[in-house]
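None of the figures in this text is laboratory data; all of them are computed from the coordinates on show. Since the model is a prediction, treat every value here as computed from it, not as a measurement. Neighbour counts are summed over all protein chains in view; Cβ atoms, including those assigned to glycine, are modelled from backbone coordinates with ideal geometry.
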Amino acid sequence: MQTISKQKVERTTIEYVAYSRLILSPLNVRKKAPTGIEALAETLAEKGILQNLVTHEVKGRSKQPKLGVCAGQRRLAALDLLFAQGRITKDYQVPVLIVSEGEAVAASLIENREREDMCLPDEALAFRLLAEEGKSPAHIASLFRMPEVAVRRVLKIANLAPALLDLMREDALDYEQAKVLALADDHATQERVWNEAPNAWQRRPSELRAAITQTELDARDNALAKFVGLDAYEAAGGYVRRDLFSDDQNAGYIADPDLLHRLATDRLIELSQAVAAEGWLFVETRTRGDVMEMMRYGRLPSTSRKPTKLEKTELAALVAVRDAAQAELDAYYDEDGEEDEARYERLDAAVTAAAYAVDQYGERFESFDADDMKQAGAFVYLDEDGQVNIERGLVRPDDTPVAPGGDVRAVNATAGRGKPPKDKPLHGEKLCRRLTAHRTAAVQAELIRQPNAALAVLMVRLIPVVFDDIYGRQYADHAIRIDVHTSRDALVSNADDMAESVAWKALEGERAKWARMLPKRTDQLLAWLLQQDADVTSNLFAFCVAATLDGISGADRAHPINAPADVLNVDLAYYWQPTRSSYFDHVSKARIEDVVSEAVSPEAAADLRGMKKGDAAAAAELRLSESGWLPEVLRNRDVPEHRVYGYDHAEDDAEDDGEGGTDDETEADVTSEATEDEAEHA
């Protein structure tokens, strides 16, 4: 194949010829139809032809030969459009360079192949000159047939300090870095941020952005900014450092966090007043929801009414919008080709907003007893997406509703029912629940690390149910309670110091990790799970099983959770420490002295006798620090006796009789314990 080499085209004088003489040359090497002709035509109409066309004579019958355009096809097409619109005549003068027919191909090739596009800084400065002439971004955008936002972005680059533009020309500063530096409006800040970042890692876009916006809030990630809106914030006098290089409508940085917080608070107070008018005892507002805080509250039982016909119609419309948004997102997933992150975020945000609207509308069908409402309240708060959430029916720990007749109305738990102990227990029910909540969290924290053990624990609970013909006559309390419910709320409500424990931090850290990975909607779960590797599903399975373990008990007795605790060799001394808040403030002074005597020495206990209880508790904490001492509840690793009933085999009955028989009192004790455990987990 013969290679066409560059040829030096002999230059002659530029001539002006009538437009009517120009035709498209068959020697033009660019065969693809030109684009952007309308915008170019507008530019030629306004500014004229600033660059000559290259032509050669085309033989014909006319006395004055036609000139074939071998370089300048787009300009010729633009002139054709202007002529067709009646905006130029046949005599319109066009600057041309006439070459020989032999030079035409070389001229066309050089024109199209060797042309170098303008560098971005030069293009940006040219746009700025147009703006300084009085041309608006919209006008410039129409001239070049480009989006107005693209023009604004180019003008933003033009606002960089001259020294930084020079660095761009030398490729010492790239476009991504320039976009970030353009966030600063003044040249001094731009140059300072760049010059104070001598190392390559400091000049990463993320590091430069942090240096410019270090005292400001990113509106894209800030719940208050999403809730208030940038328009309302600016209307109140707030300044927003705009990020023109983002398609997010909330792209910008809040310079006045105090003003933003005040605007958000004012709006929340307005909303809370409407909620208070419903008849609640109290209404609390929070600019950020605190799950731990709300977990300490009880909850009123509620009822759901049927929607009216009008409400059904409205709800159906909201559901249709949600389903349409989901269908559009699903269609995006099914498309082939490169990912469009901006489009995905827009579609995902639409699905989230539509689902939120359905959920919010559905809340109006929930109702509470009017008398109960006078003794309970609600929380009005923002979630991480800036959406308003209202939690109704919250009962303060000291405000448990009392029903007519003086009976305490059940809230979140049922009082333990069973045969009262003959002797006063060493630890009361509340303290037992507190300690066993920590025991449960410790077992959960160990279990999330061992998927095989989690599988075994679950199977121990499932097998007797599935193979009831084999295990149906056996008392089920030997198996740990595992239902499809989470014990997370129960752990916090029974131990107000849970949040500071080692186990809780491990569990919440793992929970946060999975929450980021999981799809947002339950109807996407199955498909997502089937796409994951085995190690992902096994570890997620271990966490879910661990989160369902419920080993909280109101009494110090054998408990099924000790079985996995023993198998996993859980060191409870690692997860629980004897402190004032965890133990000593909840027992008598005499008990404190007994503990110190046991764990340290009788002499150390004697030193506490002349102290007040608070001082004795503080002293005990110091003396038992890192001692590894555990209260009897946590030392008790017994599991319930494996009881079997109803067998017809004589040898089994004989064994039962040898262990004390199955008289009514024993059966009553078993029934009582089972009932009490059910009450604890209700």
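Any idea how far the Cα center of segment 311-331 sits from the one of segment 151-222, in Å? Taking the Cα centre of each part, segment 311-331 and segment 151-222 sit 42 Å apart. About its Cα centre, segment 577-629 has a charge dipole of approximately 220 debye under the convention of +1 per Lys or Arg Cβ and -1 per Asp or Glu Cβ, with nothing else charged.
Couplings 3J(HN,Hα) of segment 235-243, computed from phi: 4, 8, x, x, 9, 10, 7, 6, 10 Hz, in residue order, whole Hz [Karplus 6.51 cos²θ - 1.76 cosθ + 1.60, θ = phi - 60°; x for Gly and Pro]. Net charge dipole, segment 15-113: roughly 300 debye, given to the nearest 20, about the Cα centre with Cβ charges of +1 for Lys and Arg and -1 for Asp and Glu. Considering only Thr303, Gly362, Ala325, the residue lying farthest towards the positive end of the dipole of segment 263-395 is Thr303, judged by Cα position with unit charges set on Cβ.
A simple packing score, the average count of other Cβ atoms within 10 Å per residue, orders the peptides 432-444, 71-83 as 432-444, 71-83, with the highest score first.
Selection among Thr43, Leu27, Val94 by position relative to the dipole of segment 15-113 gives Leu27 as farthest towards the positive end (Cβ unit charges, Cα centre). Checked against a 21 Å cut-off, the cross-linked pairs Lys47/Lys90; Lys226/Lys513; Lys156/Lys226; Lys32/Lys59 give Cα-Cα distances beyond that limit for Lys226/Lys513; Lys156/Lys226; Lys32/Lys59.
Sorting Leu40, Leu129 on the 10 Å Cβ count, fewest up front, what's the list? Display every interim value, and only then the final one.
Details: Leu40 21, Leu129 10.
Starting with the residue having the fewest Cβ neighbours, the order is Leu129, Leu40.
Converting phi to 3J(HN,Hα) with the Karplus coefficients 6.51, -1.76 and 1.60 and the offset θ = phi - 60°, segment 126-141 yields 5, 4, 5, 4, 4, 5, 5, 6, x, 7, 6, x, 5, 5, 4, 4 Hz in sequence order, with x at every glycine or proline.
Summary of the geometry: segment 515-541 and segment 342-386, compared by the centres of their Cα atoms, lie 25 Å apart.
Among Phe144, Phe379, sorting on how many other beta-carbon atoms sit within 10 Å of each Cβ, with the fewest leading, yields Phe144, Phe379. Proximity of backbone amide H atoms, modeled 1.01 Å from N, is registered between Thr285 and Val380 at under 5 Å, excluding neighbours fewer than 5 places apart on the same chain.
For segment 263-395, state the average projected area of the convex hull of the C-alpha atoms over all orientations, rounded to one decimal in nm². Spell out each step's value before the answer.
Numbers: hull surface 41.0 nm².
So the mean shadow area of the Cα hull is 10.3 nm².
Each of Tyr361, Tyr381 was scored by other Cβ atoms within 10 Å of its Cβ. Listed from fewest to most, they are Tyr361, Tyr381.
Summing Cβ point charges (Lys, Arg +1; Asp, Glu -1) relative to the Cα centre of segment 159-316 gives a dipole of roughly 1000 debye.
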